[in-house]
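This report refers to the structure that appears directly beneath it.
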Amino acid sequence: MKPQAQPSIHPLWRDAQGRVVMIDQTLLPHQEVHHVCASAEDTARAIETMVVRGAPAIGVAAAMGIALGASQLADAELAEGLAGLYARMARTRPTAVNLFWAIDRMRAAAEAHQGTPGALRDLLDREAQAIFDEDFLANQAMGDHGAALVPDGARILTHCNAGALATAGWGTALGVIRSAVREGKRVHVYADETRPFLQGSRLTAWELMRDEIPVTLLADNAAGHLIASGGIDLAIVGTDRTVLNGDVANKIGTYQVAVLCHRHGIPFYVAAPTSTLDLTLEDGRAIPIEERAADEVRTAMGHPIAPTDVPVYNPSFDVTPAELVSAIITEQGIARAPYARSLPPLAEAGRRARLRA
Ligand code: MRU
């Protein structure tokens, strides 16, 4: 499979010295700075501090970090050192399953290898690059499937940033929108600002404006009024982990959007590459939900906006029950309820396609 279009935004890559370079997403939209990770530990910290974020992107970053770390280990310490790198990457963030999926792929590639340490390092470089390339292609294929659900003239609500920045460069929810635009459809995107980390206002608004896709920003608590006033035709979001029964973990506030869509009879779609499916979990109750620092809520971009010592509740994700999900769009096709029947064949098709690649 070949990419149909090149990305206009390159969220992360490896430079000539093998370092992991990423757009610093904590500084967007006002500064476009390239953050350079010179070690696996730097890469792990960049994931923890959300210099790079978004489920597929952190999977790619972890894989690249492991490959970089392997290149800095002596031959004699390679096996033990790699085990330490997998464990370190797995401690960075708990919710997005792509992270663990990518670590498992790197581990499986290493364990199957029987050659020299040098050949193993090359193999890990190639596996990390394959994870990156496959994500980009999967996002475009998913975009093509999902674009069929987007009518010409659609007014689309999205939450958080499930765009190029959150992936290898096309986007999941925003990838569907990009593909619809490429097909010639006119769309208008409404982006929730997505407190407290502001992925909607800082990242989604930035990347859509950069691609000249019409976008209007709204405060999260304006979504109900907008939907009730008839201003939205459909919602599309990404996901960090979608499980067997179709329950969907995504950025905190997604559940509220899904409830509003249901109340007003508007389709609520989830764009989920098969790398984001965790069919080992039967329902969403077992999904680990990350809690982040209290200061994310007490402040806005570093400025205090609450009493400095007020207790804070700051879950970073929520779970939208499958009954509120109109369809789950993957790169292998579109799943509808009952998801426990429709998702497994798509996950299997995704697995086989990766083996063939
Ligand atoms: O905390 P973040 O910014 O990493 O959360 C990201 C999201 O919730 C995205 O919607 C999700 O990862 C899908 S991105 C393609």
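The values are calculated or read from the model by the stated rules, or taken from the named source; none is laboratory data. For clarity, every value in this text was computed on a predicted model and none was experimentally measured. With ideal geometry, Cβ positions are generated from the backbone for all residues, glycine too; neighbour counts draw on all protein chains shown. Only protein heavy atoms, including side chains, enter the accessible area calculation; ligands, DNA and RNA are left aside. Shrake-Rupley method; radii C 1.70, N 1.55, O 1.52, S 1.80 Å.
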Fill in the blank from the handout: Within the under-13-Å Cβ sphere about Thr158, not counting Thr158, Lys/Arg +1 and Asp/Glu -1 give a net charge of -2
Completion exercise
Excluding ligands, DNA and RNA, the carbon-plus-sulfur percentage of the accessible area of segment 173-278 with a 1.4 Å probe reads 52
Completion exercise
Which residues qualify? For Ala327, with a placed amide H closer than 5 Å and at least 5 residues away or on another chain, they are Phe268, Val270
Problem - Amide hydrogen neighbours beyond the local backbone of Tyr190, cut-off 5 Å, H modeled - result: Ile156, Leu157, Thr158, Thr216
Problem - Angle between the chain longest axis and helix 78-90 axis [Cα atoms, degrees, rounded to 10] - result: 10
Problem - Spatial separation of Cα centroids for segment 1-63 and segment 85-103, in angstrom - result: 15
Practice task
On a C-alpha basis, how far is the centre of segment 117-175 from the centre of segment 203-225 in Å? Whole number, if you could?
Solution key: 20
Exercise for the section: Count neighbours as other Cβ atoms within 10 Å of each site's Cβ, and list the GluC sites (Glu not before Pro) in segment 213-308 that are DSSP loop with at most 14 such neighbours. Expected result: Glu282
Problem - segment 122-212: chymotrypsin sites (Phe, Trp or Tyr not before Pro) falling in loop per DSSP and having at most 13 other Cβ within 10 Å - result: none
Problem - ³J(HN,Hα) computed for each position of segment 298-304 - Karplus, 6.51 cos²θ - 1.76 cosθ + 1.60, integer Hz, glycine/proline x - result: 6, 10, 10, 6, x, 8, x
Exercise for the section: Tally up the carbon and sulfur contribution to the accessible surface of segment 12-139 as a whole percent, 1.4 Å probe, everything protein left in place. Expected result: 54
Practice task
Give a quick list of GluC sites (Glu not before Pro) in segment 145-241 that DSSP marks as loop, anything other than H, G, I, E or B, with at most 10 other Cβ atoms within 10 Å.
Solution key: Glu212
Completion exercise
The ³J(HN,Hα) series, computed from each phi in segment 321-331 with the Karplus coefficients 6.51, -1.76 and 1.60 at θ = phi - 60°, rounded to the nearest Hz and given as x for glycine or proline, is x, 3, 5, 9, 9, 6, 6, 10, 9, 10, 6
Handout entry: Residue-by-residue Karplus 3J(HN,Hα) for segment 278-290, coefficients 6.51, -1.76, 1.60, Hz, glycine and proline x
Key = 10, 7, 6, 9, 6, 8, x, 5, 8, 6, x, 9, 5
Practice task
Send over a whole-number figure in Å² for the accessible area per residue of the chain, probe 1.4 Å.
Solution key: 41
